[in-house]
Amino acid sequence: MMGQDKTEYYSSGKKKFEVKIKSKGVQKIWYYENGKKKSKFFFDKEGTWIGMKEWNEQGKLLAKSNFEKERKKKGPIDLSNLSWTSLDTVSTVVISRENSNTVNNEINVGDTIIFHYKCLDYLGYEYDNSYERNTPLIMVVGKTLFLPAFINEVSKLRVEDKAYIRIPSKYGYGNKPAGNFPPNTTIVYFVEILKIKTTSNKQDSELHAAPSPDFYSGLNYIPTIPLNFSPMYLSTVLNFSY
């Protein structure tokens, strides 16, 4: 993330975004709308997202986050009672299966999975939580940008399942920072499957089905959007309509 200070403008001459490198390599990025500050993001010298601020159209501060302080204040979730099949590969532990009569769904490309999640590091410290926003995620298999290993594991779950998914860094973001995760971080997701909407386009799913996590074992970095980027960040930076 290291680089030089720079500013980019809209064709109208109003500021679009501004980057400043501060002491100790901390990088600050401002995003503007109609010439007014909209968002400000902080990254450490390794490129890890460490904090943010967001303002409304009147210039009033709406949100302010220091991720490290917030994680320490909450404390870790206890993961010690989970029996992972392996610590070296992707592993899923289903902790609740409410509907025992539900058969496994055959998930195809184009199917929609709606779920809540908590995003943790391997020690149990929380990085993101959709419950707090009361906004579950909507994933269209094969069309929404998530980690391939995550898609592969979620696609095995049933409606009403609650599960933990452990993704070692080599199957996640490798030695690159991703959102507010530092490099070489094992990620643990808690997911609750709310709804699965299937399609009948099986021919398409056979042509474009997601590879297994082992397919990516030789790569250091999977270039995709991490789950822990909040909808606010996506809408501000990527013009993503959530």
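Structure data summary
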read-out	value
Point-charge dipole on Cβ atoms (K/R +1, D/E -1) for the range 1-148, about Cα centre, debye to 20	1140 debye
Label-to-label distance, nm, for residues given as Q4 and L145 (7 Å Cα→Cβ offset)	2.7 nm
Projected area, mean over directions - the range 6-72, Cα convex hull, nm²	5.1 nm²
Peptides 77-88, 52-63 ordered by average Cβ neighbours within 10 Å, highest first	52-63, 77-88
Which of I113, I29 has the fewest Cβ neighbours within 10 Å, and the rest in rising order	I29, I113
Estimated inter-spin distance, K74 and E160, nm [label 7 Å along Cα→Cβ]	2.7 nm
Inverse of mean 1/r across different Cα pairs in the range 55-146, Kirkwood, Å	16.8 Å
Full-stretch length increase - K36, S83 - with 0.36 nm per residue and alpha-carbon distance subtracted	11.9 nm
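Every read-out reported here was derived from the displayed coordinates using simple, explicitly stated rules and does not represent laboratory data. Bear in mind that the values here come from a model prediction, so they are computed numbers and not experimental data. Quick reminder, even Gly has a Cβ in these numbers, built from the backbone with ideal geometry, and neighbours come from all protein chains shown.
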